[in-house]
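Novice: Supplied in structure tokens, the structure appears directly below.
The values are calculated or read from the model by the stated rules, or taken from the named source; none is laboratory data. It should be emphasised that the depicted structure is a prediction, and the values quoted were computed from it without experimental measurement. Virtual Cβ from ideal backbone geometry, glycine too; neighbours counted across all protein chains shown.
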Amino acid sequence: MTATHSAPKPIVGIVGLTGCAGDQLVVLNCERELLDLAQLVDLREFPMASSNGAEGVALDIAFVEGAVVSQRDEDVLHGVRERARTLVALGTCAAWGGVAALDRLFDRDQLVRDVYGDAGAAFDTRPARSVRDVVAVEYVIPGCPIERDELLQAIAHLLQGNPPLPRDVPVCAECRMRESNCLLMERGVICCGPVTVGGCNARCPAVGTPCIGCRGPSPDANLPAALAAFAEQGIIQDEARRRLELFAAIPISRTEEPA
Ligand code: SF4
Ligand code: SF4
């Protein structure tokens, strides 16, 4: 009788840099699916969940959460990049810098002095960057935190050797599909839905709360058009711009590029 050999499971690692660990928590919150996942992948490295992981192993898929704000983060990230065949930036900090990268709007050295005084000079801290500012990534799953269903769908695609489905519609499109009232047009409040990538099913506007852009910009985000729409509602431009850039510096549309 011939022995049958099952295909080896993909070796997976989930690594956190500097962040709130909310995306890793979403992974742990997939309670109903975790046992099935454990049958499908060899989860070798997940320090938030287990201190018994085998750090430093070659990975088929690495999920990396958080922003790069220190030399330590950078070293960890380069190490993961070298070991991983596929690297997925997990969450808006990894994709865009997230709230950590708000430091781009300030004098960072002054911020460090204000918070830590003279002791701050000795800390391992540097301007926040996204994971994909530092290394090449194959895929991005945005969100603050990520959406559980989007994560599971992406894992299913990756395990079949396919890329995760790209998200390209803005939150506004999902808001319209839900037939929610438009907070911008009807209440004249700043809502980042027009320039934020969908995938959350317009959760916030559906309960009467404006979108604050936590998933980062949609691929075709048109900042000038959004600012013009806000101006029509009497919203102050500086305030609108600050809100739009809370989680990411939004690329200016090609319409504003010099000819
Ligand atoms: S409420 Fe916000 S997300 Fe919904 S349609 Fe209006 S601007 Fe777009
Ligand atoms: S509606 Fe906007 S702020 Fe709310 S979860 Fe979606 S992207 Fe984030």
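Novice: Residue by residue through the stretch 202-224, note down the ones that are within 12 Å of ligand 1 (Cβ to nearest atom) and surrounded by 14 or more Cβ atoms within 10 Å (Cβ to Cβ).
Specialist: Here is the first cut: in the stretch 202-224, the ones within 12 Å of ligand 1 (Cβ to nearest atom) are 202-213, 215, 218.
Scanning the stretch 202-224 gives Ala202, Arg203, Cys204, Pro205, Ala206, Pro210, Cys211, Ile212, Gly213, Arg215, Ser218.
Novice: For the stretch 128-156, how many residues are within 26 Å of Gly193 (Cβ to Cβ) and either at pLDDT below 95 or away from ligand 2 (no atom under 16 Å from the Cβ) (or both)?
Specialist: Just the residues of the stretch 128-156 that are within 26 Å of Gly193 (Cβ to Cβ), to begin with: 128, 130-133, 137, 139-154.
If we keep only those that are either at pLDDT below 95 or away from ligand 2 (no atom under 16 Å from the Cβ) (or both) too, we end up with 128, 130-133, 137, 139, 152-154.
The total comes to 10.
Novice: Would you mind stating whether Ala62 is farther than 22 Å from Gly22 by Cα and hydrophobic (A, V, I, L, M, F, W, C)?
Specialist: Values: farther than 22 Å from Gly22 by Cα: no; hydrophobic (A, V, I, L, M, F, W, C): yes.
Criteria not met by Ala62.
Novice: Please find, among Val131, Val112, Val135, Val140, the residue that is surrounded by 13 or more Cβ atoms within 10 Å (Cβ to Cβ), without any contact (Cβ under 8 Å) to a residue 24 or more places away in the chain and touching a helix residue (DSSP H, G or I) at 6+ places or on another chain (Cβ under 6 Å). Even if it seems obvious, please write down each step before you answer.
Specialist: Values: Val131 fails: without any contact (Cβ under 8 Å) to a residue 24 or more places away in the chain; Val135 fails: without any contact (Cβ under 8 Å) to a residue 24 or more places away in the chain; Val140 fails: without any contact (Cβ under 8 Å) to a residue 24 or more places away in the chain.
Of the residues listed, the single one that is surrounded by 13 or more Cβ atoms within 10 Å (Cβ to Cβ), without any contact (Cβ under 8 Å) to a residue 24 or more places away in the chain and touching a helix residue (DSSP H, G or I) at 6+ places or on another chain (Cβ under 6 Å) is Val112.
Novice: Report every pair of residues separated by at least 6 positions or lying on different chains whose Cβ atoms are under 8 Å apart, first residue within the stretch 11-33 and closer than 14 Å to Glu147 by Cα, second in a helix (DSSP H, G or I) and modelled with pLDDT under 95.
Specialist: Short answer, once both residue conditions are applied: Leu28/Leu34; Cys30/Leu37.
Novice: Between a first residue in the stretch 202-222 that is assigned to a loop (DSSP other than H, G, I, E, B) and a second residue that is near ligand 1 (Cβ under 9 Å from one of its atoms) and of a type in the set (D, E, K, R), which pairs have beta carbons less than 8 Å apart while being 6 or more apart in sequence or on different chains?
Specialist: Close Cβ pairs satisfying both conditions: Ala202/Glu174; Ala202/Arg178.
Novice: Moving on. Collect the residues in the stretch 193-225 that are among the aliphatic types (A, V, I, L, M) and under 22 Å from Glu179 (Cβ atoms), keeping them in residue-number order.
Specialist: Narrowing the stretch 193-225 to residues among the aliphatic types (A, V, I, L, M): 195, 197, 202, 206-207, 212, 221, 223, 225.
Listed by number, the residues that qualify are Val195, Val197, Ala202, Ala206, Val207, Ile212.
Quick grid of which residues meet (1) assigned to a helix (DSSP H, G or I); (2) aliphatic (A, V, I, L, M):
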{"residue": "Ala136", "(1), (2)": "no, yes"}
{"residue": "Val140", "(1), (2)": "no, yes"}
{"residue": "Leu152", "(1), (2)": "yes, yes"}
{"residue": "Asn162", "(1), (2)": "no, no"}
{"residue": "Pro166", "(1), (2)": "no, no"}
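Novice: Continuing with this model, one more query. Can you find a residue in the stretch 146-154 that is over 18 Å from Cys214 (Cα atoms), in contact (Cβ under 8 Å) with a residue 12 or more places away in the chain and among the hydrophobic types (A, V, I, L, M, F, W, C)? Lay out the reasoning, then the answer.
Specialist: Taking the stretch 146-154 first, the residues over 18 Å from Cys214 (Cα atoms) are 152-154.
Going one step further and asking which of them are in contact (Cβ under 8 Å) with a residue 12 or more places away in the chain, we end up with 152-154.
Among the residues that remain, those that are also among the hydrophobic types (A, V, I, L, M, F, W, C) are: 152, 154.
Within the stretch 146-154, one or more residues are over 18 Å from Cys214 (Cα atoms), in contact (Cβ under 8 Å) with a residue 12 or more places away in the chain and among the hydrophobic types (A, V, I, L, M, F, W, C).
Novice: Counting just the residues of the stretch 188-201 that are more than 15 Å from Gly91 (Cβ to Cβ) and near ligand 2 (Cβ under 9 Å from one of its atoms), which one comes out surrounded by the fewest Cβ atoms within 10 Å (Cβ to Cβ)? Quick ask: steps written out before the conclusion?
Specialist: Our first condition is that a residue be more than 15 Å from Gly91 (Cβ to Cβ); within the stretch 188-201, this holds for 188-195, 198, 201.
Then keep just the ones that are near ligand 2 (Cβ under 9 Å from one of its atoms); that gives 191-193, 198, 201.
Numbers: Cys191: 30, Cys192: 29, Gly193: 26, Gly198: 20, Asn201: 13.
Checking each candidate, the answer is Asn201.
Novice: Please enumerate the residues belonging to the stretch 223-251 that are in a loop (DSSP other than H, G, I, E, B) and under 24 Å from the mean Cα position of the chain (by Cα). Spell out the reasoning first.
Specialist: Initial filter on the stretch 223-251 (in a loop (DSSP other than H, G, I, E, B)): 233-236, 245-251.
Those that are in a loop (DSSP other than H, G, I, E, B) and under 24 Å from the mean Cα position of the chain (by Cα): Glu245, Leu246, Phe247, Ala248, Ala249, Ile250, Pro251.
Novice: Right, another one. Based on what the data block shows, is Arg167 more than 13 Å from ligand 1 (Cβ to nearest atom), closer than 20 Å to Leu102 by Cβ and either outside the structural domain of Asp36 (by TED's automatic domain parsing) or without any contact (Cβ under 8 Å) to a residue 60 or more places away in the chain (or both)? Before the answer, list the steps.
Specialist: Values: more than 13 Å from ligand 1 (Cβ to nearest atom): yes; closer than 20 Å to Leu102 by Cβ: no; either outside the structural domain of Asp36 (by TED's automatic domain parsing) or without any contact (Cβ under 8 Å) to a residue 60 or more places away in the chain (or both): yes.
No, not satisfied.
Novice: Restricting to the stretch 1-51, and then to whatever is among the polar types (S, T, N, Q) and over 23 Å from Val68 (Cα atoms), can you tell me which residue is surrounded by the most Cβ atoms within 10 Å (Cβ to Cβ)? Even if it seems obvious, please write down each step before you answer.
Specialist: Residues of the stretch 1-51 among the polar types (S, T, N, Q): 2, 4, 6, 18, 24, 29, 39, 50-51.
Narrowing further to those that are over 23 Å from Val68 (Cα atoms): 2, 4, 6, 29, 39.
On the way: Thr2: 4, Thr4: 5, Ser6: 5, Asn29: 14, Gln39: 7.
Per the criteria, the residue is Asn29.
Novice: Quick test of your reading of the structure: Gly161 fulfils all but one of (1) more than 10 Å from ligand 1 (Cβ to nearest atom); (2) buried (at least 19 other Cβ atoms within 10 Å of the Cβ). Name the failing condition by number.
Specialist: (2)
Novice: Moving on. Residue check: is Asp124 touching a helix residue (DSSP H, G or I) at 6+ places or on another chain (Cβ under 8 Å), charged (D, E, K, R) and in a loop (DSSP other than H, G, I, E, B)?
Specialist: Values: touching a helix residue (DSSP H, G or I) at 6+ places or on another chain (Cβ under 8 Å): yes; charged (D, E, K, R): yes; in a loop (DSSP other than H, G, I, E, B): yes.
The answer is yes for Asp124.
Novice: On to the next question. Kindly indicate whether Ala121 is hydrophobic (A, V, I, L, M, F, W, C) and modelled with pLDDT under 95.
Specialist: On the way: hydrophobic (A, V, I, L, M, F, W, C): yes; modelled with pLDDT under 95: yes.
Judged against the criteria, Ala121 is a match.
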